[in-house]
Amino acid sequence: MKTVLILVGVVAVVGLFLFSSYNSLVTAREGVDSQWAQVESQYQRRFDLIPNLVESVKGVMTQEQTIFGDIAEARTRYSGAVTTGEKAAAASEVESVLGRLLVIMENYPQLRTSETVQTLMAQLEGTENRISVERQRYNETVRDYNLKTKRIPGAWVAALFGFEEEQYFEAAAGSETAPAVDLTL
């Protein structure tokens, strides 16, 4: 009888441990998903601003038409992306194209004096700052989740229930180099 009680006690302790660890991992993974949704929300804000900025700039200059096509292409790639990795890569491509647009705009004084362009640029700058903050928070949330899936005893529960490591948001290759724009015709 005593052996049965000890066995039941051990099973109960192991069950509580599994229950607690599983719920902790589920909560952490939901945190990752929630934080990625915040990043996407800021991306959407950026994508909503881009057409307005592009139309304002188009009204002032017509020589740099390829940049507008590149922006439209990058936005299309993002909207067609399915996985977090694909979306992150597409968002990085948008940032690269926007960087080229900003360099072009700096070289056209009439654009900088346009009130509409100034307002849109200020909104875009604020959005870029928000995206940066949300990406940082996302990576912190991923770090916390990944630590739970790698540390013992969480690693055992993660392996048992199929919790996999999440990927960090990383900058696109070459993003450390400022875009070069040649305005000579």
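Residue pairs whose Cβ atoms lie under 6 Å apart, sitting 6 or more positions apart in sequence or on different chains, and linking a residue in region 39-56 that is at pLDDT below 80 to a partner that is not in a helix (DSSP H, G or I), do not occur here. With respect to the conditions (1) of a type in the set (Ser, Thr, Tyr); (2) more than 17 Å from the chain's Cα centre (by Cα); (3) at pLDDT 85 or above, Thr76 falls short on a single one, namely (2).
For Ala12, the stated conditions do not hold, so it cannot be described as under 25 Å from Ile152 (Cα atoms), hydrophobic (A, V, I, L, M, F, W, C) and surrounded by 17 or more Cβ atoms within 10 Å (Cβ to Cβ). Pull up region 128-158, narrow it to residues that are without any contact (Cβ under 8 Å) to a residue 12 or more places away in the chain and of a type in the set (S, T, N, Q), then point me to the one that is nearest to Tyr168 (Cα to Cα). Among them, the one singled out is Gln136. Within region 15-31, the set of residues being closer than 14 Å to Ile152 by Cα and surrounded by fewer than 16 Cβ atoms within 10 Å (Cβ to Cβ) comprises Phe17, Leu18, Ser20, Ser24. Which residue pairs have Cβ atoms under 9 Å apart, sit 6 or more places apart or on different chains, and have a first residue in region 1-26 that is among the aromatic types (Phe, Trp, Tyr) and a second that is assigned to a helix (DSSP H, G or I)? Qualifying pairs under 9 Å: Phe17/Val157; Tyr22/Val157; Tyr22/Leu160; Tyr22/Phe161.
The values are calculated or read from the model by the stated rules, or taken from the named source; none is laboratory data. The model shown is predicted, which means the values in this text are computed figures rather than measured ones. Ideal geometry is used to build each Cβ from the backbone, glycine not excepted, and the neighbour counts take in all protein chains shown.
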